Amino acid sequence: MVRTRFALVPALLAAACAPISEQAPVAASDPQVSGALFVAGKFGNTLAKVDLASGEEVVRVDSCANPHELATSPDGKFVALACYGGTSVDIFRTDTLARVKSIELGENARPHGIVWHANGDLYSTAEGRQSVFVIRDPLGETRTYEYATGKRGSHMIAVSPDAMHAWTTDLGSRTVTRVDLVTRRSPQSAAVGEEPEGIALSPDGETLWVSARGSDMAYALDPQSLERIKDVPVGDFPLRIAIRPQGDYAVTSDLADGALSVIDLATGAKTRTIAVSSREEAEAKTQVTILWSPDGERIYVAETMANTIAEVDFTSGDVLRRLPGEGGGDGIAIIE
């Protein structure tokens with residue numbers, strides 16, 4: 001395990017200089033799905049749209065420097081992009097990928113994690129400013145509000161259903177932080193494993209799940225007190241955690257295994273492993289971001305260095321096909 005991690009670190013650091021292939025392999029398949037997948041190419045500085053019915057990329061545009069996480073608007077007409085290599089959150093139309101707005105967050109912002117809430121507002125981390133931004137009315141008379149976390153590397157974000165609180169994983173400080181978005185009380189932080197990165201809130205807002213890539217663990221936390229409720233061993237180097245829309249299962253993206261760990265949220269136990277690639281292929285593919293389809297039947301897995309997005313059937317664990325993820329596809333979002 002340790003040997004794998006040391007091998008992965010230089011590979012990840014060198015990733016920005018790695019050559020990008022011209023054509024991503026797409027397996028012939030007919031999964032009978034519709035809608036579109038949006039892919040941020042963090043090495044190519046691009047945003048692409050993949051038609052899920054055909055499995056083909058239909059449009060790709062220049063985006064911004066080192067784009068990372070994506071979020072679609074509640075009505076599915078827009079997609080917001082966190083420009084991690086810059087200072088803005090940019091908004092594009094989902095039909096044409098025409099850029100409609102660029103929202104500046106200030107010097108050294110480096111926005112990364114992003115949520116487009118059901119209330120219509122955008123929420124983003126600003127890692128370089130050790131803060132969280134709330135972007136009110138992002139498509140209209142936009143107003144931005146900054147909330148300090150005071151922690152290094154505030155990377156990913158979750159927001160409560162009532163939009164009263166946000167939570168960040170703080171890689172540099174090895175903490176999880178709760179931010180009060182209403183009263184602006186001082187943020188509360190707690191140490192959670194080694195290098196906590198992935199974060200997801202249960203649909204009912206009652207449990208906060210965090211994956212710590214340095215600990216090979218997923219942790220269930222009380223969202224208000226940040227007390228640990230359950231510790232769940234998962235696979236090697238779990239970069240992300242995502243909860244099924246039905247709220248019954250979560251999966252972690254285990255980069256060093258090229259696999260997904262499945263957690264039954266009712267019991268808090270890992271129930272199975274889904275092999276997306278193999279441990280031998282893991283470093284070459286560099287599996288990062290994961291995303292559920294809205295119906296909870298499929299999981300999309302960004303294989304950044306392979307320039308592919310694996311589409312996985314949740315029930316069988318089969319990889320149905322590999323979609324284009326050109327330019328180092330990392331952040332992904334979906335509409336159906």
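The values are calculated or read from the model by the stated rules, or taken from the named source; none is laboratory data. Values in this document were obtained by computation on a predicted structure and should not be read as measured data. Positions of Cβ are generated from backbone atoms using ideal geometry, with glycine treated the same way; all protein chains shown enter the neighbour counts.
Search the stretch 34-63 for residues being assigned to a loop (DSSP other than H, G, I, E, B) and closer than 19 Å to Trp292 by Cβ, and hand back the single one that is modelled with the lowest pLDDT.
Ser34
In the stretch 75-97, which residues are within 17 Å of the chain's Cα centre (by Cα) and in a loop (DSSP other than H, G, I, E, B)?
Within the stretch 75-97, Tyr84, Gly85 meet the criteria.
For Ser202, all conditions in the list (1) free of Cβ contacts under 8 Å to residues at least 60 places away in the same chain; (2) in contact with a strand residue (DSSP E or B) (Cβ under 7 Å, 6 or more places away or on another chain) hold save one; what is the number of the exception?
Checking Ser202 against (1) free of Cβ contacts under 8 Å to residues at least 60 places away in the same chain; (2) in contact with a strand residue (DSSP E or B) (Cβ under 7 Å, 6 or more places away or on another chain), the one that fails is (1).
Within the stretch 211-259, can you find the residues that are out of contact with any Asp or Glu (no Cβ under 8 Å at 6 or more places or on another chain) and either closer than 18 Å to Thr286 by Cα or β-branched (Val, Ile, Thr) (or both)?
Val232, Ile241, Ala242, Ile243, Val251, Thr252, Ser253, Ala259, listed by residue number.
For the stretch 98-112, give me each residue that is closer than 23 Å to Asp51 by Cβ and crowded, with 20+ Cβ neighbours inside 10 Å.
none
Within the stretch 231-267, take every residue that is more than 17 Å from the chain's Cα centre (by Cα) and surrounded by fewer than 16 Cβ atoms within 10 Å (Cβ to Cβ) and give me the one that is farthest from Phe314 (Cα to Cα).
Looking at the filtered set, the residue picked out is Asp231.
This table checks each residue for (1) of a type in the set (Val, Ile, Thr); (2) surrounded by fewer than 18 Cβ atoms within 10 Å (Cβ to Cβ).
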| site | (1), (2) |
| --- | --- |
| Val50 | yes, no |
| Glu57 | no, no |
| Ala80 | no, no |
| Gly85 | no, yes |
| Val89 | yes, no |
| Arg93 | no, yes |
| Ala118 | no, yes |
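Quick one: in the stretch 108-147, which of the residues that are polar (S, T, N, Q) and over 16 Å from the mean Cα position of the chain (by Cα) is farthest from Leu181 (Cα to Cα)?
Out of the qualifying residues, it is Asn108.
With (1) touching a Phe, Trp or Tyr at 6+ places or on another chain (Cβ under 7 Å); (2) under 19 Å from Asp264 (Cα atoms) as the list, and Thr315 as the residue in question, which single condition is left unmet?
(1)
Is it the case, given these coordinates, that Tyr123 is free of Cβ contacts under 8 Å to residues at least 40 places away in the same chain and either part of a loop (DSSP other than H, G, I, E, B) or not acidic (Asp, Glu) (or both)?
It is false that Tyr123 is free of Cβ contacts under 8 Å to residues at least 40 places away in the same chain and either part of a loop (DSSP other than H, G, I, E, B) or not acidic (Asp, Glu) (or both).
Got a number for residues in the stretch 186-228 being of a type in the set (S, T, N, Q) and crowded, with 16+ Cβ neighbours inside 10 Å?
Within the stretch 186-228, residues that are of a type in the set (S, T, N, Q) and crowded, with 16+ Cβ neighbours inside 10 Å number 6.
Quickly run through the stretch 225-248 and pick out the residues that are in contact (Cβ under 8 Å) with a residue 40 or more places away in the chain and either among the β-branched types (Val, Ile, Thr) or over 22 Å from Glu69 (Cβ atoms) (or both).
Hits for the stretch 225-248 are Leu226, Asp236, Ile241, Ile243, Gln246.
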